[in-house]
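The values are calculated or read from the model by the stated rules, or taken from the named source; none is laboratory data. Please read all numbers here as calculations on a predicted model, not as lab measurements. So basically every Cβ, Gly included, is an ideal-geometry build from the backbone, and we count neighbours across all protein chains shown. What goes into the accessible areas is simple: the full protein's heavy atoms, side chains included, and nothing from ligands, DNA or RNA. Shrake-Rupley method; radii C 1.70, N 1.55, O 1.52, S 1.80 Å.
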Amino acid sequence: MPHNLWIGRPGSLREITQAAKSWDRSADLGVTEFRSLAGRATVVATPKAVRRTKYSWESLDQATATFLDRLARRIDGPGPIALIDPAAVNLLEPGQVSGTARPGSGGQNQWFVLANSTGAIVESTTVPGAFGFQSTAVTSMFGWRHPVWVGVPVMPGMTVSFLLPGGFPAATAAAQLDFKAADGSYLSSAVATGLLVGAVVPAGAAFVTPVGKAGAVASYSLAGACLTIGGDVPAAGLAGDGCPGMSITGYTDSSASRLPYRNVSLDLLEVGSAVG
């Protein structure tokens, strides 16, 4: 089910219902090519490509144009801002969906074991970078970590759905959505027995953290999880789009053919920290 663009600071995202005139979400691959006089080529690439996104709207309503203007000029703070584009279905990071992380990282940048819970995130001894959850008790629980914020940015009234990895035992597993306020404090949870849980984001919530429990003692692969919004149906085969922190690096604002409508364009770049 298609959804609209959401943009803004966590806790004050705005839904833009008007389709953009142009839209480019090509990633910056970070590849530099060197060519010798003899014609031999050498390529140097950064470990991770960052996303660049460009939007352009014509005759945007005044309220939305003003909202984007405040974001671009950082009137309400330095950022970064959250961006959920219409093509993003699975809001988990690509590595979280494939069950992989940087070899030797311990998976701590992707998953975490809940406080007061037993269990561990463990790296495969045969496949470097592949991770699983070692459940040491039927109560062992763990969650999916967002790379920038305390959870995935959401807004009250959104529909959120979460699917646990398919290797978890449906008869004993529990899928959970933890909702948090803008300051990161815990608000409430939605819990369902089995692999799938869905809920409407409650009032006051700015973030959601997906959480899982196997309900049995064993090791389970972390590949195949899915987090969706707006009625998108979660499925194990959906690649991770993530919900990155972004910084606005380019901005234009001009009057449309009739005021108060405006023509607005934004250039955004993925950043790696909450102060980007």
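At pLDDT 95 or above, surrounded by fewer than 19 Cβ atoms within 10 Å (Cβ to Cβ) and over 14 Å from the mean Cα position of the chain (by Cα): which single residue out of 177, 187, 195, 164 fits that description? Checking each option against the conditions leaves just 187.
Taking first residues from segment 177-189 that are closer than 13 Å to residue 162 by Cα and part of a strand (DSSP E or B) and partners that are open to solvent by less than 70 Å² (accessible area, probe 1.4 Å) and charged (D, E, K, R), the Cβ contacts under 6 Å between residues at least 6 apart in sequence or on separate chains come to 189/178. Scanning segment 1-32 for residues that are at pLDDT below 90 and of a type in the set (A, V, I, L, M), we see that the one that is farthest from the chain's Cα centre (by Cα) is 31. Please go through segment 229-239 and pick out each residue that is surrounded by 16 or more Cβ atoms within 10 Å (Cβ to Cβ) and either modelled with pLDDT under 90 or within 14 Å of residue 55 (Cα to Cα) (or both). Matches in segment 229-239: 230, 232, 236.
Being under 13 Å from the mean Cα position of the chain (by Cα) and either among the aliphatic types (A, V, I, L, M) or part of a strand (DSSP E or B) (or both) is the filter here, so list the residues in segment 226-251 that pass it. Correct list: 226, 227, 228, 229, 239, 240, 245, 246.
Output the strands (runs of 3 or more DSSP E) that fall wholly within segment 38-113 and possess 1 or more residues being touching a strand residue (DSSP E or B) at 6+ places or on another chain (Cβ under 6 Å) and open to solvent by less than 40 Å² (accessible area, probe 1.4 Å), or say none. Reasoning before the result, please.
Values: elements: 41-45, 50-60, 81-84, 111-113.
Passing ranges, in order: 50-60, 81-84, 111-113.
Given the condition open to solvent by 40 Å² or more (accessible area, probe 1.4 Å), within 20 Å of residue 12 (Cα to Cα) and assigned to a strand (DSSP E or B), answer yes or no: does some residue in segment 198-205 qualify? Checking segment 198-205: at least one residue is open to solvent by 40 Å² or more (accessible area, probe 1.4 Å), within 20 Å of residue 12 (Cα to Cα) and assigned to a strand (DSSP E or B).
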